[in-house]
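Chemist: Before I ask anything, here is the structure I am working with.
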Amino acid sequence: MIHVYTGDGKGKTTAAVGATIRAIGNGLKVFFVQFIKGAHTGELEIFKNFPELIEVYRCSTGFVYGKPEPSQINVVMKCIQEIEILIKKQHYDLIVFDELTVGLNTGLVSKEQAQKLIDLARDAELIITGREAPEWLIERADLVTEMKKIKHYFDIGIKARRGIEY
């Protein structure tokens, strides 16, 4: 099944991390891919405790403001090639493409590249996260959850907090 966690509310990556922990707890093999993100996050510390069950791959481009820089596009092109090789080489029960929709919406990842990654992941449960999931992805998914922001403390200037947002 293909799961998509999207929307402007908090909790997309958190839901994917929760599903990952559940999978690991049941002995499933997980491939957790993070697009965009490069900063340390708390889940990485937990994942380190299960090297036989989870492989984390980070494709860090830094935040994209407007059109991506050529260097950012080059990083993602290399990452996609490596991700494709890893998926073909290894069996995973669950694959997470965290922030893939951000890559799509910023132009770092093309629709064709995303579709190819999704096709390669066909033998695994697949979770895709990120804001503004495109309509074609929503149509293709088996489960779509929208995290809707009703109220958020970021709006009054509270920054991301260690252990809560990262």
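The values are calculated or read from the model by the stated rules, or taken from the named source; none is laboratory data. None of these values were measured; they are calculated from a predicted model. Cβ atoms come from the backbone with ideal geometry, glycine included; neighbour counts cover every protein chain shown. The protein model used for the area step is the full one, side chains on, heavy atoms only, and it has no ligands, DNA or RNA in it. Shrake-Rupley method; radii C 1.70, N 1.55, O 1.52, S 1.80 Å.
Chemist: Just the residues that are touching a residue at least 40 places away in the same chain (Cβ under 8 Å), crowded, with 20+ Cβ neighbours inside 10 Å and either outside any helix (DSSP H, G or I) or hydrophobic (A, V, I, L, M, F, W, C) (or both), please, taken from region 100-120. First the steps, then the outcome.
Modeler: First, pick out the residues of region 100-120 that are touching a residue at least 40 places away in the same chain (Cβ under 8 Å): 100-103, 106-109, 118.
From what is left, the residues that are crowded, with 20+ Cβ neighbours inside 10 Å are 100-103, 106, 108-109.
Listed by number, the residues that qualify are Leu100, Val102, Leu108, Val109.
Chemist: Now a separate question. Do we find a residue being in a strand (DSSP E or B) and under 13 Å from the mean Cα position of the chain (by Cα) anywhere in region 59-69?
Modeler: Looking for residues that are in a strand (DSSP E or B) and under 13 Å from the mean Cα position of the chain (by Cα), one finds at least one in region 59-69, hence yes.
For every residue, the table says whether it meets (1) open to solvent by less than 20 Å² (accessible area, probe 1.4 Å); (2) over 16 Å from Glu165 (Cα atoms).
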site	(1), (2)
Met1	no, yes
Ile21	no, yes
Val33	yes, yes
Glu43	no, no
Ile54	yes, yes
Met77	no, yes
Ile80	yes, yes
Glu84	no, yes
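Chemist: In this structure, does Ile95 turn out to be touching a residue at least 24 places away in the same chain (Cβ under 8 Å) and open to solvent by 10 Å² or more (accessible area, probe 1.4 Å)?
Modeler: For Ile95, the condition - touching a residue at least 24 places away in the same chain (Cβ under 8 Å) and open to solvent by 10 Å² or more (accessible area, probe 1.4 Å) - is not met.
Chemist: Of the residues that sit in region 121-132 and are over 11 Å from Ile2 (Cβ atoms) and in contact (Cβ under 8 Å) with a residue 40 or more places away in the chain, which one is farthest from the chain's Cα centre (by Cα)?
Modeler: Glu132
Chemist: Of all the residues that make up region 144-166, how many are within 17 Å of the chain's Cα centre (by Cα) and open to solvent by less than 70 Å² (accessible area, probe 1.4 Å)?
Modeler: Matching residues across region 144-166 total 4.
Chemist: Now a separate question. Which residue pairs have Cβ atoms closer than 8 Å, lie 6 or more positions apart in sequence or on different chains, and pair a first residue in region 30-55 that is more than 13 Å from Asp93 (Cβ to Cβ) and among the charged types (D, E, K, R) with a second residue that is open to solvent by less than 50 Å² (accessible area, probe 1.4 Å) and in a strand (DSSP E or B)?
Modeler: Lys37/Asp98
Chemist: Run Lys78 past the list (1) in contact (Cβ under 8 Å) with a residue 12 or more places away in the chain; (2) under 18 Å from the mean Cα position of the chain (by Cα); (3) more than 26 Å from Asn26 (Cα to Cα) and report the number of the one that doesn't hold.
Modeler: Here Lys78 clears every test but (1).
Chemist: Within region 58-66, does at least one residue satisfy the condition of being at pLDDT 90 or above, touching a Pro at 6+ places or on another chain (Cβ under 9 Å), within 19 Å of Val109 (Cβ to Cβ) and not polar (S, T, N, Q)?
Modeler: Among the residues of region 58-66, not one is at pLDDT 90 or above, touching a Pro at 6+ places or on another chain (Cβ under 9 Å), within 19 Å of Val109 (Cβ to Cβ) and not polar (S, T, N, Q), which makes the answer no.
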